[in-house]
């Protein structure tokens, strides 16, 4: 899948595509789009499958970190932990 930067004007009509048209295009083609404001990326439109995959990957990383922490020797007091994490 490619990330698309929507064109600001279409040559044929000299008008901007509507948000509905962009959403339909993204949904039909499972296309990623980024929208800019003042030359800075502001919004990303991604297929829901992408967000589900990111959530699964994040969960795997969390579980791996938990498993690593459980293998460590010793314990740390909650007060020490909050100080170390500056919470």
Matching residues in segment 29-60 - criterion: being in contact (Cβ under 8 Å) with a residue 24 or more places away in the chain and in a loop (DSSP other than H, G, I, E, B)
30, 31, 47
Go through (1) exposed (fewer than 10 other Cβ atoms within 10 Å of the Cβ); (2) at pLDDT below 90; (3) outside any helix (DSSP H, G or I) for residue 69 and report which single condition fails.
(3)
From 43, 48, residue being at negative phi, surrounded by fewer than 10 Cβ atoms within 10 Å (Cβ to Cβ) and in contact with a strand residue (DSSP E or B) (Cβ under 9 Å, 6 or more places away or on another chain)
43
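The values are calculated or read from the model by the stated rules, or taken from the named source; none is laboratory data. Every value quoted in this text rests on a predicted model; they were computed, and no experiment measured them. No Cβ is skipped: glycine too gets one built from the backbone with ideal geometry, and neighbour counts run over all protein chains shown.
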